[in-house]
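Student: Provided herewith is a single structure, encoded as structure tokens, for subsequent inquiry.
The values are calculated or read from the model by the stated rules, or taken from the named source; none is laboratory data. In this text the structure is predicted, and so the values were computed from the model without any measurement. Glycine gets a Cβ as well: all are built from the backbone with ideal geometry, and neighbour counts include every protein chain shown.
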Amino acid sequence: MAIVRYAQSTLPTEYGDFRIVVYRDGTDEHVAMVRGDVERQEVLARVHSSCLTGETLGSLRCDCKAQLDLAMARIAEAGAGVILYLLQEGRGIGLGNKIKAYALQDQGVDTVDANVELGFDPDQRSYRLAGDMLKDLGVGSVALMTNNPKKVEGLAAEGIEVVKQVPHWVGENQTNKDYLQAKRRRMGHLKE
């Protein structure tokens with residue numbers, strides 16, 4: 001199913017004004033936060049998955065909110081860029097399954113094995129939507145803010161040239177330290 005550009009407006013934020021563009025994919029809605037001219041090459045970009053627990057409820061189990069905030073600040077400073085906010089909670093397993101994975105982590109299972117024990121791949125996310133959204137926005141190529149090499153590979157598989165990977169490390173705390181270490185050790189995430 002193809003995505004459809006559904007709505008857009010200006011969204012004032014603490015990082016200045018962004019243009020918010022809502023896309024529909026069936027019944028799901030995903031967002032592009034755009035600042036400045038992105039119809040060019042090497043656009044500063046972040047592909048970000050929704051995280052209700054971290055971004056809305058203040059969980060310290062992850063670094064999602066800090067990564068989103070850093071991406072908005074970097075784009076504001078650069079004057080142009082795009083954040084794709086995709087409804088892919090829990091690396092694509094959904095909110096309920098993410099909470100089940102949390103319960104397994106509470107018993108000492110790491111984040112990768114928790115997903116596997118629940119019958120999922122360690123990372124179930126698709127980058128088709130991200131590729132389609134970037135193409136619709138006229139983005140030629142990206143400088144991708146991510147620590148996750150799978151995002152680079154996923155965008156490339158969708159025909160988006162990733163000119164460079166921009167490390168997006170925001171630090172760790174006592175609660176998420178083991179989680180982030182497992183992602184680096186088992187999934188190849190960067191720490192810089």
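Student: Looking at (1) buried (at least 18 other Cβ atoms within 10 Å of the Cβ); (2) modelled with pLDDT of 80 or more; (3) not polar (S, T, N, Q), which is the only condition LYS183 fails?
Tutor: All conditions are met except number (2).
Student: Applying the selection to the stretch 9-49, what residues are of a type in the set (Lys, Arg) and more than 20 Å from ALA143 (Cβ to Cβ)?
Tutor: ARG24 - this is the single residue of the stretch 9-49 that is of a type in the set (Lys, Arg) and more than 20 Å from ALA143 (Cβ to Cβ).
Student: Any residue in the stretch 100-110 that is modelled with pLDDT under 90, out of contact with any Gly (no Cβ under 9 Å at 6 or more places or on another chain) and under 24 Å from GLY154 (Cα atoms)?
Tutor: Yes, the conditions are met somewhere in the stretch 100-110.
Student: Checking the structure you have, find out if any residue of the stretch 68-85 is within 18 Å of ARG35 (Cβ to Cβ), among the acidic types (Asp, Glu) and out of contact with any strand residue (DSSP E or B) (no Cβ under 8 Å at 6 or more places or on another chain).
Tutor: Looking for residues that are within 18 Å of ARG35 (Cβ to Cβ), among the acidic types (Asp, Glu) and out of contact with any strand residue (DSSP E or B) (no Cβ under 8 Å at 6 or more places or on another chain), one finds at least one in the stretch 68-85, hence yes.
Student: When you go through (1) under 19 Å from TRP169 (Cα atoms); (2) at pLDDT 95 or above; (3) under 18 Å from the mean Cα position of the chain (by Cα) one by one for ALA78, which number turns out not to apply?
Tutor: (3)
Student: Among the residues of the stretch 91-107, is any more than 16 Å from VAL166 (Cα to Cα), of a type outside the set (Lys, Arg) and touching a strand residue (DSSP E or B) at 6+ places or on another chain (Cβ under 9 Å)?
Tutor: Looking for residues that are more than 16 Å from VAL166 (Cα to Cα), of a type outside the set (Lys, Arg) and touching a strand residue (DSSP E or B) at 6+ places or on another chain (Cβ under 9 Å), one finds at least one in the stretch 91-107, hence yes.
Student: Quick check, is LYS150 part of a helix (DSSP H, G or I) and in contact with a helix residue (DSSP H, G or I) (Cβ under 6 Å, 6 or more places away or on another chain)?
Tutor: For LYS150, the condition - part of a helix (DSSP H, G or I) and in contact with a helix residue (DSSP H, G or I) (Cβ under 6 Å, 6 or more places away or on another chain) - is not met.
Student: Considering only the stretch 13-28, how many residues are at pLDDT 95 or above and of a type in the set (Gly, Ala, Ser)?
Tutor: 1
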